[in-house]
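Here's the structure we're looking at; comments come further down.
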């Protein structure tokens, strides 16, 4: 009989979905700005992208505060335990209906691969995008900030590289939500907060 | 030249009439002239000195100078009078008297025609007395009637009795009433400046591209500042004149004005005709990012989206090398395009015209170096620059500027390797426009300008750049971001700056999309396998 545990608290779910919406909107406007397609056009896309970025920064201020006051930040501490088992599961076990090697609890709600992936996003892709993005926004202040020798081309390309990585992550992330014990189990959990575990 | 000037004058008169009567007609339906706008404390019609018949321009000037005793002396110090300018940076002696261009080429030996646009009377050759006070032409700039005309061919003189000109042509030049004109003098206007500056290069709009008779009474769309029913700027509003010396120079332009808006009393105010002189260096109120653009991009680049927007085409190319063709009867010919505009004349060669022309963009630091008649030139694939525009992305003094680049082919001396100054205008045996003989025309012209001529003639390709400054559109019509931030960017030729979108890195895009598609492919494959294996179990 399946047991239900409460893994995603109210703020966490709000944070996740508003962040998801913002990131997808940032993606949409990003590639509009980049000239991949035209939906809003460069001018409007830049304005929307900027507003969405500031909104996301605002959201993060709350999220970071929340993570530290609740201790939830510990969920992102990487571990090597069961990493190989997880990889084996995704590469082989999942096709054989093998049992999931990770049993989630409220204290360990991310599997070891998730921990690694989210940490990589948090410490590599995220900072790359935020640092280059903020520099991009404040291009005219570089000289005043003592960054006069910075190259706009490198900043821009860093930002674009970050966008591609984020898009690849988004695809994999959305796909892996279907890897629960039913295809919609993870998504349900992210909406209701309750995950069913075997 | 003569008929062009007359046509121009006619256009100006018409425009003036429309302005004067338009609003009155609408309100009262009574064709009464609008009362003269009193911008002065003196009604010149009340001056006894002007209530007489004047038989020549200098007679009027003498009357003016009786009160305005120092005016002629002020005029004598200006470029408008001397047609001479020493560029302080390049040390080149320039000015209309000296430079060679690729339109009608040069003034020397053609003074009688060209100098109808000199602010003086009687400059027909090198003997003109530049110290003469009475030969200063006050009316050229101070006429308010629109009736003042200086027909081409008369060395800047006016017609006070009907005369046949050229003699034997059967064409009659009508006399003008100098007394009426003198009694109505006032401040300079778009029409007075325009009488010459709209018609430079031999006709309406020919030369500048951003100045033509449509600027006489422009709508807001055409020029937000000169908008005749709006701000109604005259040329002098920006080209703030002091002691008759008009500010602003095409020989040493201000490419980057970093001094900010002009404060009265400040001693180092500099050129008052720049955009910054009024608008300051950070004029964009709501979008700070635009102010940051203004650090590298001249205001004109975005705010003048195209030139020749007023319905009058500007000349874009002029090929003198094809001049001289005659019809079967041995007569000069004229060819017109579908719109009835002249695109070939036997005496001038082939032209192309342009309307709503997108400018070309270059880094410009204000340094302009002319190719003068004394400079050696080489025929090659590269066009000889009539005026070389200085600038680079890294000199700290350059901005990205819009230019009209006028390209042509013109006669030169292949032995001495110099440009030449042909004698074109004139009712004589050597003027090219009458006789179509380059040998005679160039020999006489070079003799007059005082430069050696080998007798050999060839044609050389040249180009001349005209910084675009006028026809400033309302802000809603300024260039949108995507005009430059796109793959077919207006700034395609601008080096030395990274322009997002224009300069997208192809390799990064390829790698980026490869990563994205491989991820997609991976999850699709993984998902498909899960579906297949789930069915098996």
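Every read-out reported here was derived from the displayed coordinates using simple, explicitly stated rules and does not represent laboratory data. Predicted model only: the values in this text are computed from it and were never measured. In this analysis, Cβ positions are derived from the backbone assuming ideal geometry, glycine residues included, and neighbour counts consider all displayed protein chains.
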Over chain B, what is the mean sequence separation of C-alpha contacts under 8 Å (at least six apart), divided by residue count, expressed as relative contact order in percent? 14 percent
Enter the per residue convex hull volume of chain A, computed from alpha-carbon coordinates, in Å³ rounded to the nearest integer. 147 Å³
Relative to chain B, whose Cα atoms define the longest principal axis, helix B:506-536 and its Cα axis are tilted in degrees, nearest 10, by 30 degrees
Ratio Rg/Rh, restricted to the stretch A:31-99 and using Cα atoms, in which Rh is the Kirkwood radius: 1.25
Just A:115, A:13, A:103 to compare: in a GNM of chain A, with alpha carbon springs under 10 Å, which one fluctuates most? A:103
Average other protein chain Cβ within 10 Å of Cβ, residues A:144-153: 1
Peptide B:453-461: average number of partner chain Cβ atoms within 10 Å per residue? 0
Once Rh is set to the Kirkwood radius over Cα pairs, what Stokes-Einstein translational diffusion coefficient, in µm²/s, holds for chain B at a temperature of 10 °C and a viscosity of 1.306 mPa s? 61 µm²/s
The stretch B:418-504, convex hull of Cα, quarter of hull surface, nm² -> 10.5 nm²
Cβ density ranking, 10 Å radius, fewest first, applied to B:100, A:125 yields A:125, B:100
Rounded to the nearest 10 degrees, what's the angle between the helix A:42-70 long axis and the longest principal axis of chain A, both from Cα atoms, 0 to 90? 50 degrees
Semi-axes in Å, largest first, for the stretch A:108-194 (Cα gyration tensor, √(5λ)) are 36, 12, 11
In percent, how large is the relative contact order of chain A, given Cα pairs closer than 8 Å and 6 or more residues apart? 30 percent
Rank the residues B:380, B:321 as a footprinting-exposure proxy: fewest other Cβ atoms within 10 Å of their Cβ go first. B:380, B:321
Helix B:438-449 sits off the longest principal axis of the Cα atoms of chain B, rounded to the nearest 10 on a 0 to 90 degree scale, by 80 degrees
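Given the protein assembly as shown, report the % of alpha carbon pairs whose separation exceeds 46 Å.
When all Cα pairs of the protein assembly as shown are counted, 41 percent exceed 46 Å.
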Cα-based Rg of the stretch B:344-479 per 2.2 N^0.38 Å, rounded to two decimals? 1.28
Ranked A:149, A:18, B:394, B:214, criterion: other C-beta atoms within 10 Å, fewest first: A:149, B:394, A:18, B:214
Mind putting together the pair-distance distribution for the stretch B:69-109? All Cα pairs, 5 Å bins, whole percent per bin, short to long. 6, 21, 21, 22, 16, 9, 4, 1
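Can you quote the Å³ per residue value for the convex hull of the Cα atoms in the stretch B:196-328, rounded to an integer? Intermediate values should be presented prior to the final figure.
Working: hull volume 22.7 nm³, N = 133.
Here the figure is 170 Å³ per residue.
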Using Stokes-Einstein with the Kirkwood hydrodynamic radius over Cα pairs, what translational diffusion coefficient do you get for the stretch B:128-192 at 20 °C and a viscosity of 1.002 mPa s, in µm²/s rounded to a whole number? 164 µm²/s
Mean ellipticity per residue at 222 nm, deg cm²/dmol - from DSSP H runs of n ≥ 4 across chain B, formula -39500 (n - 2.57): -7000 deg cm²/dmol
